[in-house]
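Down below is the structure, laid out as C-alpha cells.
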Amino acid sequence: MLRPSLRAALALLVASALALTGCAGLRSSDPVRLNVVGIEPIEGEGLEMRMAVRLRVQNPNDTSIDYDGISVELDLNNRPFATGVSPARGSIPRFGETVLNVPVSVSAFSVMRQAWGIVGGMSGASAGAAMEPIPYVLRGKLGGSFGSTRFLDRGALSLPELR
C-alpha cells in the first residue's frame, strides 16, 4: 500500500505526463510548405541591401497553426547570404495558406563573397556554357505559444547562359 503523499506525487506525475502528451498531440504532423512569391527592394543603410520577401506559407495539416513572429535564413552556394525577422502575428488555417512579408538584410560582404564564388566558378567555363546551378537553402521558423514550427526549402538556382 502506498503512503498518501507518495500516491499524490504519483498521481501528479501521471497527470503531468498526460497533459504533456495532450499538448504534443496538438502539434502539426506535416511540415509547412513555402514558396517565395515576390522580392521587392526596400531602403537599407550604408552598404547593406534590404528586401521585402513575400512567402506563401501552406499548412497541409488538419489543425490551424497560430504564429507570433517569423525568422528566415537564406544560404547560397553553401554560404550564409541573408537573414530576416518579422513580428507578424496570425493564423494559417487548416489546409490553408497565407502570404507573409519578411524584411531581410544582405551585407555587402555577403554579396562580394557570392560574386567572387560565381566568378571563380566561371574561370574554367567556355563562352556560351551554362553555369553550374547555385544551391540554396531557405530555413526558418514561425514562433508560437506552444513552440516553433520550423520550415526548410532547398534547391538550386540556374543562371542564364553566358554569351
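The values are calculated or read from the model by the stated rules, or taken from the named source; none is laboratory data. All values reported here derive from a predicted model rather than from experimental measurement. Because the Cβ atoms are built from the backbone with ideal geometry, glycine has one as well, and the counts that use them run over all protein chains shown.
Conditions tested, residue by residue: (1) more than 19 Å from Ser91 (Cβ to Cβ); (2) in contact (Cβ under 8 Å) with a residue 60 or more places away in the chain; (3) touching a strand residue (DSSP E or B) at 6+ places or on another chain (Cβ under 6 Å).
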residue: Asp30; (1), (2), (3): no, no, no
residue: Leu34; (1), (2), (3): no, yes, yes
residue: Gly44; (1), (2), (3): yes, yes, yes
residue: Asp66; (1), (2), (3): no, yes, yes
Query raised in the report: Out of (1) at pLDDT 90 or above; (2) in contact with a helix residue (DSSP H, G or I) (Cβ under 9 Å, 6 or more places away or on another chain); (3) farther than 16 Å from Leu138 by Cα, what's the single condition that is false for Asp66?
Result: (2)
Report task. Give just the number: which of (1) among the hydrophobic types (A, V, I, L, M, F, W, C); (2) closer than 24 Å to Leu142 by Cα; (3) surrounded by fewer than 13 Cβ atoms within 10 Å (Cβ to Cβ); (4) at pLDDT below 90 does Leu12 not satisfy? Result -> (2)
Query raised in the report: Hey, Ser91 hits all of (1) at pLDDT 90 or above; (2) under 29 Å from Ile134 (Cα atoms); (3) of a type in the set (S, T, N, Q) but one; which does it fall short on?
Result: (2)
Query raised in the report: Does Leu55 satisfy being under 23 Å from Glu40 (Cβ atoms) and either at pLDDT 85 or above or not in a strand (DSSP E or B) (or both)?
Result: yes
**Report entry** Restricting the range 70-87 to residues that are among the small types (Gly, Ala, Ser) and at pLDDT 95 or above, the residue that is nearest to Glu132 (Cα to Cα)
**Finding:** Gly84
